[in-house]
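J.: Just passing along the structure, written as structure tokens.
The values are calculated or read from the model by the stated rules, or taken from the named source; none is laboratory data. Here the structure is a predicted model, which means the values were calculated and not measured. Here Cβ is always computed from backbone atoms with ideal geometry, including for glycine, and neighbour counts include all displayed protein chains.
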Amino acid sequence: MSGLFEFMIAPFVACMVLVAIHAYLGIHVIARGVIFVDLSLAQIAAFGSIIALIAGATPGSVTAYLFPLGFTVLGAFIFAMTRPDSATKLVPQEAIIGIVYVVASAATLLLADRVPAGGEAIREAMVGTLLWVDWPTILRLSIVYAAAGAFHWFFRKRFLTISLDEHLAEREGWNIRWWDFLFYVSFGVVITLAVPVAGVLLVFTFLVVPAVVAFLFTRRTGLLLAISWGFSILASAAGLVLSFAYDLPTGPLIVVMFGLFLLLAGGIKSLVFKGRTF
């Protein structure tokens with residue numbers, strides 16, 4: 001038990017830092033119906049990382065971080081400007097998000113062949129290095145995520161209204177595309193730091209699965225967050241314990257545990273609550 005605690009405490013704390021902000025952002029993503037925006041921004045960040053390697057940046061340096069951040073800001077601008085008006089949604093925004101994801105993925109694969117260890121960089125972008133995360137990295141994540149959380153708390157009325165009641169935001173005369181840009185920029189900052197640690201698959205899982213579970217049971221913002229965080233703690237802990245016990249890849253196993261816990265939550269919803277919400 002002591003070996004489990006010593007070896008897995010840093011990955012567990014990293015998971016808790018990640019889900020603290022991702023569970024909240026996931027509520028916005030589900031409400032907006034832009035489910036794959038996380039994958040798309042993460043892939044844009046991965047493309048920026050490959051560009052950084054081509055430019056000669058040292059992995060882990062400030063420059064290596066600024067390149068993917070710059071590309072995610074560009075992605076934020078694209079997603080904000082392509083948001084359809086509520087009255088004329090001729091092209092779903094999810095289609096634009098998917099196109100950006102595919103193009104960024106293809107460009108990343110093309111350039112990876114030109115970079116030493118490019119294949120390894122792509123693999124790490126997919127699965128991350130969660131098992132080997134260190135405390136300085138966790139501290140950096142905590143500081144940046146606390147700042148992102150404070151930013152969203154300060155502007156919570158704008159962001160939540162746009163996500164949950166777009167028509168009200170339009171009646172108020174708000175510049176929705178400007179607020180979308182700010183939302184996606186903050187999203188991009190979070191993603192850029194999260195992908196090297198957790199990988200694209202686990203970051204997407206942290207964002208979407210807890211929010212989906214929460215929306216099964218409630219529409220109240222505070223309860224949505226509570227359910228998302230509680231679910232994430234249980235699924236992450238279960239994945240880490242099983243990874244240690246059976247020597248299995250940590251990130252993929254946590255993703256699988258989130259999927260199994262989602263099935264369990266769906267069963268509880270169907271059998272116990274039967275359509276009722278809190």
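J.: Could you tell me which of the residues LEU207, LEU234 is touching an Asp or Glu at 6+ places or on another chain (Cβ under 6 Å) and either touching a residue at least 60 places away in the same chain (Cβ under 8 Å) or not charged (D, E, K, R) (or both)?
T.: Working: LEU234 fails: touching an Asp or Glu at 6+ places or on another chain (Cβ under 6 Å).
None of the other options fit; the residue is LEU207.
J.: Restricting to the range 227-252, what's the tally of residues that are surrounded by 19 or more Cβ atoms within 10 Å (Cβ to Cβ) and out of contact with any Cys (no Cβ under 6 Å at 6 or more places or on another chain)? So that I can check it myself, show each step before the final result.
T.: From the range 227-252, those surrounded by 19 or more Cβ atoms within 10 Å (Cβ to Cβ) are 227-228, 231-232, 235-236, 239-240, 243, 250-251; that's our starting set.
Right, trim to out of contact with any Cys (no Cβ under 6 Å at 6 or more places or on another chain) and you get 227-228, 231-232, 235, 239-240, 243, 250-251.
So the count comes out to 10.
J.: Name the pairs whose Cβ atoms lie under 7 Å apart, with the first residue in the range 252-273 and without any contact (Cβ under 8 Å) to a residue 40 or more places away in the chain, the second assigned to a helix (DSSP H, G or I) and surrounded by 14 or more Cβ atoms within 10 Å (Cβ to Cβ), and 6 or more positions between them or separate chains?
T.: LEU253/GLY239; LEU253/LEU242; LEU253/SER243; MET257/ALA235; MET257/ALA238; MET257/GLY239
J.: Being assigned to a helix (DSSP H, G or I) and under 15 Å from the mean Cα position of the chain (by Cα) is the filter here, so list the residues in the range 32-67 that pass it.
T.: Going residue by residue through the range 32-67, those that are assigned to a helix (DSSP H, G or I) are 32, 37-54, 62-67.
Passing the criteria: ARG32, VAL37, ASP38, LEU39, SER40, LEU41, ALA42, GLN43, ILE44, ALA45, ALA46.
J.: So, one more: Among the residues of the range 100-136 satisfying the criterion of being under 17 Å from the mean Cα position of the chain (by Cα) and within 26 Å of ILE9 (Cα to Cα), which is modelled with the highest pLDDT?
T.: Top of the filtered list is LEU130.
J.: Sticking with this one: Given the structure, is ALA10 modelled with pLDDT of 90 or more and surrounded by fewer than 20 Cβ atoms within 10 Å (Cβ to Cβ)? So that I can check it myself, show each step before the final result.
T.: Numbers: modelled with pLDDT of 90 or more: yes; surrounded by fewer than 20 Cβ atoms within 10 Å (Cβ to Cβ): yes.
Spelling it out, ALA10 is indeed modelled with pLDDT of 90 or more and surrounded by fewer than 20 Cβ atoms within 10 Å (Cβ to Cβ).
J.: Could you tell me which numbered condition LEU263 fails, if it satisfies all but one of (1) touching a helix residue (DSSP H, G or I) at 6+ places or on another chain (Cβ under 9 Å); (2) assigned to a helix (DSSP H, G or I)?
T.: Among (1) touching a helix residue (DSSP H, G or I) at 6+ places or on another chain (Cβ under 9 Å); (2) assigned to a helix (DSSP H, G or I), LEU263 violates only (1).
J.: What are the residue pairs meeting all of these: first residue in the range 23-41, first residue more than 19 Å from THR72 (Cα to Cα), second residue surrounded by fewer than 24 Cβ atoms within 10 Å (Cβ to Cβ) and among the charged types (D, E, K, R), Cβ atoms under 7 Å, and 6 or more apart or on different chains?
T.: GLY33/GLU94
J.: Under the condition of being surrounded by fewer than 18 Cβ atoms within 10 Å (Cβ to Cβ) and out of contact with any Ser or Thr (no Cβ under 6 Å at 6 or more places or on another chain), which residue from the range 125-137 is nearest to HIS28 (Cα to Cα)? Before you say what the answer is, go through the steps one by one.
T.: First pass over the range 125-137, keeping only residues surrounded by fewer than 18 Cβ atoms within 10 Å (Cβ to Cβ): 126, 129, 131-132, 134-136.
So of that shortlist, the ones also out of contact with any Ser or Thr (no Cβ under 6 Å at 6 or more places or on another chain) come out as 126, 129, 132, 134-136.
Values: MET126: 23, THR129: 27, TRP132: 30, ASP134: 30, TRP135: 29, PRO136: 29 Å.
Here the answer is MET126.
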